[in-house]
Amino acid sequence: MPGSTEDNGMPADNGPPAPKGTGEGGDEQGTARKFPASVTSATGTFVGAVALGVGSTIANDFQHRQALMFTLLGALAVAGAVYLWLQTRARRPKAPPGSSVGGARAQAATQAPLASPPVLSPSPARGGPPGSASASGRRPRPAPHGAASGLLPLIRVIVALGALLAGAFFLGYWTLGNGFAHGLTWGALALAGVVMLLGGAAILAWRGRRRSWGGWARSGSRMVMAFTVTCLGLSAGATLGRLDLVPACRVPVEIPVLASSENVAAVHAAASLFEQAEPTFLGQSCYAADLTVSAARSDGDAEADLESGWGPSALSADGPRPDIWLPSSSEEVTNVISAHRGPATPGMQIAGSTGSSPLVLAVPTARADSIPATDRAGNWGTLYTALQQHGISLSVPNPGQSATGLLGIAGIYRDLTSTGQRQIAASGSFPSDSGIALCAAAQAAEQGHAVSSAYLVSVAAMTQYRLGQLNEGACPALSAPFPSLTALSPSDAASLDFPLVSLSWGGNSAAARLAQGYALDFYHWLGSTAGQGVLNAYGLGPPQPWPALPGALPSRSQLSSALQLFTRKAPPAQVLVAIDDSGPMEPYLQQISSAVSQVLGPGPTASLGARDSVGIWAFPGAGSSTFQALVPLDSGATAQRDAVAARTSTLSAHAHSAEFDLITKAAAALYSPLAKAQGATSSVILLTDGDSYRGGQDPAGNTLVSVGDLLKPIGAAQPIARVFVIAFGDAGCAQAPPGSPRDTLAALATTNGGTCVNANDLGQQLGQMVSQFSAGR
């Protein structure tokens, strides 16, 4: 037709311009009018919630089937790519049949410019002839009809947002969530990778903003929605992945820790906090190990157990073989290393000091106020002389069993004459640690006895004493406040340095390697602010320099000389162990037999020396007898100790016990002419529940009062006898005879300087008591 577009490539007339909403992209704009922003936002939220639920379900179902998960992700990627390709094809201009786009462009370029805009031929919908073309050379699309014209763009948006959300969810799940599930380091790397990936995608989108899909991306509302959906998917996926993909944790390895009685409370508290902080401090999601803290009966027992390779006797007495050792002093480590090393002796690696605690003299405050300030600032010798002038005796821990006692004696003996040295050793009561010594002061004060002794202890022990935190195994719970003690600090006093030692028992197992690495981790944490805060709360000061500075501790020759001197000057000991085998004690007899055999039976022990004597009685005896001598009181010869296990295994419960009659009989045996000639110290250890007669009077007429009068020394030549009690039953040390509430087992024990403890770790408690009476000759 002349003048038509088909004939000359030009429009026939200048009709009105095409209305908005038609042409390329017109469908989407028309949808915006039909679906307001609020509807689109609500729809997007709904779609996001549904997609999140679907994604969570898929993640939960397929987290252990990764091949299927990646197949699904690949299918989503392919579907998204196909969709974008189809969208691009749909929006690409098409040439009319028989012509090419290039030809049309060339023909249009040769035409002169028009004075007015071309007029499109009317479409069939406007009454024009069918088959007419638009000014662009494309056949006009037929206008959508009905509901499909509004739902099609919405479906496209839903599909796009669903694919975007699913992809973001799985990216967050498998990248961010999986990374943080394996630790902070991997999580941080995964986060950096995701940020780089999204940043690169954003740059590519910006550079391609003029492409066919750029129009959609430039829409502000759609960009906000896409950004929101991406963040939602990433955060949801990362959260669920962090919870679901944490690797299965192995059972934590048990790592035994051997502490000293001076720091066991502090180490126990620190170990608990370290385990809580372990994932953060070590940067891992699983707990690798559990620390089990215990203390040996004494420092000397710990050294002996390690030197012997921690055999069965050490296991039964002092607990499992340790992988970490926290002794009171590095002097103990030197002792073990310098001893004869057998094939079972562990290798030792000292990490360094974890804290410090100077040695002091704990003096009753009322008595300490009378000591001049000039004397308080003096050395060991000056302070000891001041104590003597004010009638204050000195109680020291057993230097053969306690690092505190050994370091203290080495300092004191350096400044004293031979007479002063003998006076210290003559007391015949040497607790195995500071806590037991301070417990004696607290118990005596509770029973109304005046405290007239000073105690060689550590500042850490003094702090626990003031806070009422003395070890329950060494001291029962006391209702009365502890008597006030003042710490006098000698100018030349040494300090405990509490080193951490990693023990290697041979082999190269995974558990052994973990224990060695864990020991260093624990050491570094103890040096942190959190670790030092715990240790300081228990009286430990800052760590000492490592290796120790010259002169910080006495030399090995000074320590050895002081110990030998103390041992020579200490008197022999007589120890009578009395076992209550009355009816109520039946549940405890097997336990008692095992503990007595462990401490006094055959085998290596540092509790008694060759000059000491020991005997074992059971009370009541057969018929009307007050007691039965299972092992007669005699020196600790091999034959004597060999009989302990066999004799104590015959114990059987019967009748009622009469402890006041028993102590009267025991005093007659202990106050022998030979003991008096030797100046021996005598002690009775009662293992009883206090089952006695009504009114506090035993069949032979003995009472608490008569026993107290009997035990008090008569003249300077009379040997001292003390009563120590390990109390069984619910009442423990508070047990009293019917009708005599004041005649408690604690009152009996403190009559002449003894103590009462509630039965807890029987083998350890009995061993500590026995070692308290002997210097270990």
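Descriptive notes on the structure:
- Only one of the numbered conditions (1) modelled with pLDDT under 90; (2) assigned to a loop (DSSP other than H, G, I, E, B); (3) surrounded by 13 or more Cβ atoms within 10 Å (Cβ to Cβ) is violated by Pro699, and that is (1).
- For the criterion of being over 17 Å from Gly162 (Cβ atoms), aliphatic (A, V, I, L, M), part of a helix (DSSP H, G or I) and open to solvent by 30 Å² or more (accessible area, probe 1.4 Å), Leu273 passes.
- Some residue of region 709-726 being modelled with pLDDT of 90 or more, assigned to a helix (DSSP H, G or I) and open to solvent by less than 60 Å² (accessible area, probe 1.4 Å): no
- Selection count where residues are in contact (Cβ under 8 Å) with a residue 40 or more places away in the chain and either of a type in the set (Lys, Arg) or closer than 26 Å to Leu514 by Cα (or both), scope region 237-252: 4
- Answer residue from region 522-569, given it is among the aromatic types (Phe, Trp, Tyr) and not in a helix (DSSP H, G or I) and is least open to solvent (accessible area, probe 1.4 Å) among those: Tyr538
- Selection status of Asp661, modelled with pLDDT under 90 and not hydrophobic (A, V, I, L, M, F, W, C): no
- Scanning region 665-683 for residues that are assigned to a strand (DSSP E or B) and in contact with a Gly (Cβ under 8 Å, 6 or more places away or on another chain), we see that the one that is nearest to Val725 (Cα to Cα) is Ser683.
- Residue within region 728-738 that is within 21 Å of Val599 (Cα to Cα) and either among the acidic types (Asp, Glu) or part of a helix (DSSP H, G or I) (or both) present: no
- Candidates Glu275, Glu303, filtered to the one that is out of contact with any helix residue (DSSP H, G or I) (no Cβ under 8 Å at 6 or more places or on another chain) and either without any contact (Cβ under 8 Å) to a residue 60 or more places away in the chain or among the charged types (D, E, K, R) (or both): Glu275
- Top-ranked residue in region 440-460 [being over 17 Å from Ile685 (Cα atoms) and open to solvent by less than 10 Å² (accessible area, probe 1.4 Å); ranked as farthest from the chain's Cα centre (by Cα)]: Ala454
- Test: residue in region 328-335 that is of a type outside the set (S, T, N, Q) and buried (at least 21 other Cβ atoms within 10 Å of the Cβ): yes
- Pairs, first buried (at least 19 other Cβ atoms within 10 Å of the Cβ) in region 342-366, second of a type in the set (Val, Ile, Thr) and part of a strand (DSSP E or B), C-beta under 6 Å, six or more apart: Ala362/Val457; Val363/Thr486
- Looking across region 461-478, the residues that are at pLDDT 75 or above and either open to solvent by less than 40 Å² (accessible area, probe 1.4 Å) or among the aliphatic types (A, V, I, L, M) (or both) come down to Ala461, Met462, Thr463, Gln464, Tyr465, Leu467.
- Qualifying residue in region 690-711 (condition: of a type in the set (Ser, Thr, Tyr), touching a strand residue (DSSP E or B) at 6+ places or on another chain (Cβ under 8 Å) and under 28 Å from Ser593 (Cβ atoms)): no
The values are calculated or read from the model by the stated rules, or taken from the named source; none is laboratory data. Remember, it's a predicted structure, so these values are computed and weren't measured experimentally. Note that each Cβ is placed from the backbone with ideal geometry, even for glycine, and that neighbours are counted across all protein chains shown. Remember, those area values only see protein heavy atoms, side chains included, never the ligands or the DNA or RNA. Shrake-Rupley method; radii C 1.70, N 1.55, O 1.52, S 1.80 Å.
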